[in-house]
Amino acid sequence: MDGTLVDTERLWWEAVEHVAAGLGRSLTEADEEDVLGRPVEHTAEMLSRATGAPFAAVAADLHREFADRVRSGVVARPGALRLLDALAADGVPTALVTASPRAIADLVVEGLGAGRFAVTVTADDTLRTKPAPDPYLAACRALGVEPASCVAVEDTRTGVSSAEAAGCAVLAVPSLAPIAAAPGRTVRESLEDVTPAGLRDMITTREAPEASDPSDLPGPSDLPEPSDLPGASDPRELRVMSWNLWYGGTKVRRHREKQLKIILASGVDVVGLQETYGTAARELAEALGWEYHQAGENLGVISRYPITGRLGAEDPGFYGGTGVRVTLGADQGVVLWSAHLDYTPYGPYEASFDGLAAPELAAHESVRLGQMREILAAMAPDLAARDTTPVLLVGDFNAPSHLDRDDAEWPVTRTAEEAGLRDSYREAYPDPVRSPGHTWSPVHTEHEDGSGRPEPQDRIDYVLYAGAGLRVLDSRTLVTGTPRTWPDVEDNEWPSDHAAVITTFSLGRVVRSD
């Protein structure tokens, strides 16, 4: 979309340039890879790292500046609308694949005429966006075609990488940064002389690379029915989510619908839930056609794969842990525990607002530490058998990680590590400065007491794992859209005050001793 269909890539650069200047930083050519073709969140993280400004505030400024420029009027790129009309006349289905958020894409598409596209895939619709292949694979899957039968029209190196990784032929029409020709890639100065016949030639004259299987990756949330989503009897990957639903999601209008959309779009397989409000696990599972386990009013697990065992107390209370056994296929399964630890006293507040010294901060973790030890004791049989059946502990610990901060001991996560559990996010992103992975809080930028003090941002939600059968492929925090801050949250697309954590594991075979 941006820079290919409409002249917004320059507007995006100008929006980033404006926000960066306000933070005391000037963009250079070296920043192109972190700006052009990138989603807002990627660029916001780059600017946040470079300037020390809060990520949430930078992302909100970028969204606002870009949306203002788009609303003021976008201009179609030369030849773009004529080519779309010609494709429609030839009966060629066309998808719009963009790293922009849904809100921006809908503004553009509405202005051009929504009927021009059979499918739109935005940054909100797949777990990973460009340069990963997921968006193009999702579009191909939605159109019902193989990537090797498609031409992707792109204007940035990031977009080209995404399309080529998916297995598409590429027509590159550079907007701001040059793109070199390559096998399977055609470069043109504009779309003015491009025809449907010319696009067909780009497919028939290339030796198509081996394409990824579209069924391995999620499509847009509004396309597949739950029963059509991947659920192979012998999966190669497992996507695990930890999500605090925040009073079940009830602070946000149409929260259940939004939760379902997010779960479907993320392509996750098993979700450990906190703050379920007593019914969320059952209601989400029934809507998805999944299985569920609800433990008391606060904890639950939902799974697209069969839940074949329930572990721990039937009602662990508001704070504690609950577990399930999940069968993934023949001789393959995992154990997953979902945990929620007490939030008082909250260490980051005591460190930031009260100036407590390290020994006091560590001592004040005693309640959470006791809860973690109780959960680990209940998990002990599973942890002892982890090399036969891998084990996961996910949840909202309400405590920072000892892997992220050195201002105190932060014993909760260290105790889990000593029990053999590894932090999947920090394994994927070892540097906490470059990749802080904050999950608290996308809706709190100022402290709720009205003092105007910045809310400490921290990583307090986790996907931990143990066992020879799991290997981390990727781990991400997830927040969709640009949440408004508290208390103006009821219309947010993201229905929680926490970011979710999603880790993708590869599944290796384990040798059973029995």
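The values are calculated or read from the model by the stated rules, or taken from the named source; none is laboratory data. Remember, predicted model here, so these are calculated numbers, not experimental data. Note: ideal-geometry Cβ built from the backbone for every residue, glycine included; neighbour counts use all protein chains shown. Keep in mind that these areas ignore ligands, DNA and RNA; they rest on the heavy atoms of the full protein, side chains included. Shrake-Rupley method; radii C 1.70, N 1.55, O 1.52, S 1.80 Å.
Annotations for the structure displayed:
- Using R0 = 25 Å, the C-beta based FRET efficiency linking ALA30 and ARG10 works out to 0.85.
- Rounded to the nearest 20 debye, dipole of segment 50-208 from Cβ charges on Lys, Arg, Asp, Glu: 120
- Once the Cα atoms are used to define both axes, helix 80-89 deviates from the longest principal axis of the chain by about 90 degrees.
- Positive end of the dipole of the chain (Cβ unit charges, origin at the Cα centre): among LEU336, LEU27, ALA103, the Cα lying farthest that way belongs to LEU336.
- Within the shell defined by Cβ-Cβ distances under 12 Å, the residues around THR439 carry a net charge of -3, with Lys and Arg each +1 and Asp and Glu each -1.
- Dipole axis of the chain (+1 Lys, Arg; -1 Asp, Glu on Cβ), positive-most option in SER441, ALA363, GLY312: GLY312
- The overall shape of segment 251-346, judged from the alpha-carbon gyration tensor, is oblate: a/c is not under 1.5, and a/b is no greater than b/c.
- Projected label points at VAL92 and ASP315, each 7 Å from Cα along the beta carbon direction, are separated by 6.3 nanometres.
- Using the Cβ-Cβ distance between ASP201 and ARG373 with R0 set to 51 Å, the FRET efficiency from 1/(1 + (r/R0)^6) comes to roughly 0.15.
- Estimated from helical segments only, the mean residue ellipticity of the chain at 222 nm is -9500 deg cm²/dmol, where each DSSP H run of four or more residues counts as -39500 (n - 2.57).
- Helix 134-143 axis, angle to the chain major axis (alpha carbon atoms, nearest 10°): 70
- Among the protein heavy atoms, those of TRP440 account for about 30 Å² of accessible surface (1.4 Å probe, every chain in place).
- Taking amide H as placed 1.01 Å from N in the peptide plane, the amide H of LEU171 sits under 5 Å from that of ALA152, VAL153, GLU154, THR186, each at least 5 places away or on another chain.
- Rolled with a 1.4 Å probe across the full set of protein chains, the surface gives ARG434 an accessible area near 130 Å².
- Computed from the C-beta positions of ASP106 and ARG453, the FRET efficiency with R₀ = 51 Å rounds to 0.90.
- Eligible lysines near LYS130 by straight Cα distance, threshold 22 Å, same-chain separation 8 or greater: LYS261
- Solvent exposure of LYS258, expressed as accessible area, is near 20 Å², computed with a probe of 1.4 Å over the protein chains only.
- Gap separating the Cα centres of segment 52-106 and segment 416-460, nearest whole Å: 31
- Relative to the longest principal axis of the Cα atoms of the chain, the long axis of helix 102-112 lies at roughly 20 degrees.
- Surface listing: TYR277, TYR346, TYR319, TYR247 arranged by accessible area from highest to lowest gives TYR277, TYR247, TYR319, TYR346, probe 1.4 Å.
- Positive contributions from Lys and Arg (+1) and negative ones from Asp and Glu (-1), summed over other residues with Cβ under 14 Å from the Cβ of ASP449, come out at -3.
- Highest average packing first - 490-501, 60-71, Cβ atoms within 10 Å: 490-501, 60-71
- Each Lys or Arg adds one and each Asp or Glu takes one away; over the other residues whose Cβ falls under 15 Å from the Cβ of LYS251, this sums to -3.
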